1. Just to be sure I understand: with springs between alpha-carbon atoms less than 10 Å apart, which residue in 39, 158, 103 has the highest mean-square fluctuation in the Gaussian network model of the chain?
2. 7 Å from Cα along Cα→Cβ at both residue 47 and residue 34: what's the point-to-point distance in nm?
3. Taking only Cα atoms, what is the 0 to 90° angle, nearest 10, from helix 187-199's long axis to the longest principal axis of the chain?
4. Rounding to the nearest 10 and keeping the result within 0 to 90°, find how far the Cα-based axis of helix 302-322 lies from the longest principal axis of the chain.
5. By how many degrees, between 0 and 90 and to the nearest 10, does the Cα long axis of helix 249-259 differ from the longest principal axis of the chain?
6. For a quick protection proxy, order the peptides 193-201, 257-265 by their average other-Cβ count within 10 Å, most packed first.
7. If R0 is 22 Å, what FRET efficiency do you get for residue 234 and residue 1 from their C-beta distance, rounded to 0.05?
8. Connecting C-alpha atoms closer than 10 Å in a GNM of the chain, tell me which of 100, 308, 293 has the biggest fluctuation.
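We did not get these values from a lab; they are worked out from the coordinates using the rules stated. Fair warning: this is a prediction, and the values are worked out from it, not measured in the lab. Quick reminder, even Gly has a Cβ in these numbers, built from the backbone with ideal geometry, and neighbours come from all protein chains shown.
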């Protein structure tokens, strides 16, 4: 039975990845930070099948201890300060966790067992003010947020440890991936949750920022499979993972509201408070390398994703209102 360590196991990606790995017969060790209010909502259905351990990307000694005790074959580093708007107000924290935390984990692997295979969650936000479209592995980075800058560091330190120490360290440059488990602070879930509240008569409007920002949106459950495939490859490398399609926030709203028989134009209000200081206008992937070398491709389309998220929130809010 192979063993995998998943940091950020309580997050959207961590929960889907843990499900996938358990289904493949792994022993899954999930790392969480010590907190009096740790939220296990996303993994409560599989929590009894996981080994939950306390550790922190701020504290390298805790990482070394976990690696020594559980001896994982694979490490998936999904933990980060991952909400882009927060990275402007908490820029130093974002750098400490999202950038330096990667170095601490890589260094722990190098010290404890260099044979461990390592996956780093890189991000399409690294491309930022894009210099070409679509974006591929060779596209230069031009991050437009402290989060994007921190992810660039995490990406390049992963490459550096691969080239300097021969570690099997791989980066997945994942474009936006969503699901019903997405946090409410993210625009996609903000929309699906807002639609459900309006449909149930609990709200009258939904305030959003830039409706014309475009993203390459896919389903998180599809993307964690790409993570696993990267660590099964013969050699480590970097892979862009996305759908190759781009859609605007406005399109997301149109489908989401339309799915419950509403016209988004009657409810959506553009609010300057939700605009980013430096906007990323167009992100679209070229996932040719992942499709060719990993034999990976997404299964859930854009409309199906939006409707899945709306249905889940309608059900969730309906259940809550009946309590």
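1. Greatest mean-square fluctuation among the candidates belongs to 39.
2. That separation, rounded to one decimal, is 2.0 nm.
3. It works out to around 40 degrees.
4. Approximately 80 degrees, to the nearest 10.
5. It works out to around 60 degrees.
6. Details: 193-201: 20.0, 257-265: 15.4.
Averaged packing, sorted descending, gives the order 193-201, 257-265.
7. Details: r = 22 Å, r/R0 = 1.01.
It comes out at approximately 0.50.
8. With Cα springs under 10 Å in the chain, the top fluctuation among 100, 308, 293 is at 293.
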